[in-house]
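The values are calculated or read from the model by the stated rules, or taken from the named source; none is laboratory data. Source: prediction; values computed, not measured. A quick note on method: Cβ atoms are made from the backbone with ideal geometry, for glycine too, and the neighbour counts reach across all protein chains shown.
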Amino acid sequence: MNPLELRGITKRRDGFTLGPLDLVVPRGYVMGFVGANGAGKTTTIKIALGLGRPDGGTVGLLDHARVGVVQDAPAYVGEWSAAEVGRAVGPFYPDWDAAGFAQLLAWAGIDPTKRVKALSRGMGMKLQLAVALSHGAELLILDEPTSGLDPLARSELLDMVAEFMTVESHSVLFSTHITTDLEKIADYITVIDDGRIVASTTCDELVDAYRMVRGAASDLDADLRPLVHGLREHGAGWEGLIATEDTVALGRSAVAEQPSLEEIVVHLAKEHRHV
């Protein structure tokens, strides 16, 4: 059984419609969940965790004791010290590892006597991750964990996630709008835009499926134009994303290159919003 399966999820609120949406996190893999701010990532995660009720669809999730969650800010009492966080949450988990938690605090460079409210954003993220890694979690759900962090803090947090994934049965749902983080760690990518899934496949397959193309204005004829995702025309010509299989339609002057994950996400989103 996969640790998380969302099937046919819909949610309507304040003029925004999520879905119908399918999202599956395979056991033993990192699923990157990527989209712009406001695309529906956090709403989807809240529904997965039971913090929001969908209007339709089904949610299949591991026992909550086996799920570790990292949100954009710690939900712990601000006056607690980092060590007190462990003593407060530990009794709620049958497999709580107090010694392991203390070791993770040390590894993450968190002073166990420091209060939660005094922690930097990066330290707050790492504290949540230390909690998640100390109670036998099999699935980590990370909601924008690296947003606003400096490069060193981002790298350290990604190292903690990579260490978690050394156990074959572990899985991660990594929600972010920072695609470079996913390029380092994700096995699968699901792209969401304006509440709908735009693409969902392995990271390698997604990158191989498209090419970034730049060409002269004279090459952009009526047959080629519909094949270009996120088309941008400018004085020197045009550029956009094209399915690899459609590059046979390109003229000789066009240049096709392997895209970055960010280029794919941006251009597919542009295409979707103009449909």
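Kindly check whether there is at least one residue in the range 225-241 that is charged (D, E, K, R) and under 30 Å from Arg13 (Cα atoms).
Taking the range 225-241 and keeping what is charged (D, E, K, R), we get 225, 232-233, 239.
Now narrow it down to the ones that are under 30 Å from Arg13 (Cα atoms): none.
Taking every residue of the range 225-241 in turn, none turns out to be charged (D, E, K, R) and under 30 Å from Arg13 (Cα atoms).
When the residues of the range 233-257 are filtered to those that are of a type in the set (A, V, I, L, M, F, W, C) and buried (at least 17 other Cβ atoms within 10 Å of the Cβ), which remaining residue is farthest from Val207 (Cα to Cα)? Lay out the reasoning, then the answer.
First, pick out the residues of the range 233-257 that are of a type in the set (A, V, I, L, M, F, W, C): 236, 238, 241-243, 248-250, 254-256.
Those left that are additionally buried (at least 17 other Cβ atoms within 10 Å of the Cβ): 238, 241-242, 250, 254.
Numbers: Trp238: 21, Leu241: 11, Ile242: 11, Leu250: 19, Ala254: 19 Å.
If we take residues in the range 233-257 being of a type in the set (A, V, I, L, M, F, W, C) and buried (at least 17 other Cβ atoms within 10 Å of the Cβ), then Trp238 is farthest from Val207 (Cα to Cα).
For (1) more than 22 Å from Leu157 (Cβ to Cβ); (2) not hydroxyl-bearing (Ser, Thr, Tyr), each residue gets a yes or a no:
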residue	(1), (2)
Ile9	yes, yes
Arg12	yes, yes
Thr17	yes, no
Met31	no, yes
Thr42	no, no
Gly50	yes, yes
Val59	yes, yes
Tyr76	no, no
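Out of all the residues in the range 1-43, which are within 13 Å of the chain's Cα centre (by Cα) and of a type in the set (Lys, Arg)?
Lys41
Of the residues Leu158, Leu220, Leu173, Leu149, only one is assigned by TED's automatic domain parsing to the domain that holds Glu257 and hydrophobic (A, V, I, L, M, F, W, C); which? Let's see the steps before the verdict.
Working: Leu158 fails: assigned by TED's automatic domain parsing to the domain that holds Glu257; Leu173 fails: assigned by TED's automatic domain parsing to the domain that holds Glu257; Leu149 fails: assigned by TED's automatic domain parsing to the domain that holds Glu257.
Leu220 is the lone residue from the list that is assigned by TED's automatic domain parsing to the domain that holds Glu257 and hydrophobic (A, V, I, L, M, F, W, C).
If I filter the range 149-177 down to residues being in contact with an Asp or Glu (Cβ under 8 Å, 6 or more places away or on another chain) and either in a loop (DSSP other than H, G, I, E, B) or not small (Gly, Ala, Ser) (or both), which single residue comes out as farthest from Val85 (Cα to Cα)? Give the steps one after another, and end with the answer.
To start, the set of residues in the range 149-177 that are in contact with an Asp or Glu (Cβ under 8 Å, 6 or more places away or on another chain) comprises 154, 158, 169-171, 174-177.
Adding the requirement that they be either in a loop (DSSP other than H, G, I, E, B) or not small (Gly, Ala, Ser) (or both) leaves 154, 158, 169-170, 174, 176-177.
Numbers: Arg154: 22, Leu158: 22, Ser169: 27, His170: 24, Phe174: 24, Thr176: 26, His177: 29 Å.
Only one residue fits best here, namely His177.
Taking the range 198-247 as the search range and keeping residues that are under 23 Å from the mean Cα position of the chain (by Cα) and of a type in the set (Ser, Thr, Tyr), which one is nearest to Pro259 (Cα to Cα)?
Among residues in the range 198-247 that are under 23 Å from the mean Cα position of the chain (by Cα) and of a type in the set (Ser, Thr, Tyr), the one nearest to Pro259 (Cα to Cα) is Tyr210.
State whether the residues of the range 232-241 include one that is more than 30 Å from Leu104 (Cα to Cα) and either in contact with a helix residue (DSSP H, G or I) (Cβ under 6 Å, 6 or more places away or on another chain) or assigned by TED's automatic domain parsing to the domain that holds Pro26 (or both). Full working, then the answer.
Just the residues of the range 232-241 that are more than 30 Å from Leu104 (Cα to Cα), to begin with: 232-241.
Next, from what is left, pick out any that are either in contact with a helix residue (DSSP H, G or I) (Cβ under 6 Å, 6 or more places away or on another chain) or assigned by TED's automatic domain parsing to the domain that holds Pro26 (or both): 237, 241.
Looking for residues that are more than 30 Å from Leu104 (Cα to Cα) and either in contact with a helix residue (DSSP H, G or I) (Cβ under 6 Å, 6 or more places away or on another chain) or assigned by TED's automatic domain parsing to the domain that holds Pro26 (or both), one finds at least one in the range 232-241, hence yes.
Test of understanding: among Ser175, Ser155, Ser200, which residue is under 18 Å from Val69 (Cβ atoms) and either among the polar types (S, T, N, Q) or surrounded by fewer than 19 Cβ atoms within 10 Å (Cβ to Cβ) (or both)? Please lay out each step first, then the result.
Values: Ser155 fails: under 18 Å from Val69 (Cβ atoms); Ser200 fails: under 18 Å from Val69 (Cβ atoms).
Result: Ser175 is the single residue among Ser175, Ser155, Ser200 that is under 18 Å from Val69 (Cβ atoms) and either among the polar types (S, T, N, Q) or surrounded by fewer than 19 Cβ atoms within 10 Å (Cβ to Cβ) (or both).
May I ask you to list the residues in the range 67-92 that are surrounded by 17 or more Cβ atoms within 10 Å (Cβ to Cβ) and in contact with a Gly (Cβ under 7 Å, 6 or more places away or on another chain)?
Pro74 - this is the single residue of the range 67-92 that is surrounded by 17 or more Cβ atoms within 10 Å (Cβ to Cβ) and in contact with a Gly (Cβ under 7 Å, 6 or more places away or on another chain).
Of these, Val198, Val167, which one is outside the structural domain of Val265 (by TED's automatic domain parsing) and in contact (Cβ under 8 Å) with a residue 40 or more places away in the chain? Quick ask: steps written out before the conclusion?
Numbers: Val167 fails: in contact (Cβ under 8 Å) with a residue 40 or more places away in the chain.
Among Val198, Val167, only Val198 is outside the structural domain of Val265 (by TED's automatic domain parsing) and in contact (Cβ under 8 Å) with a residue 40 or more places away in the chain.
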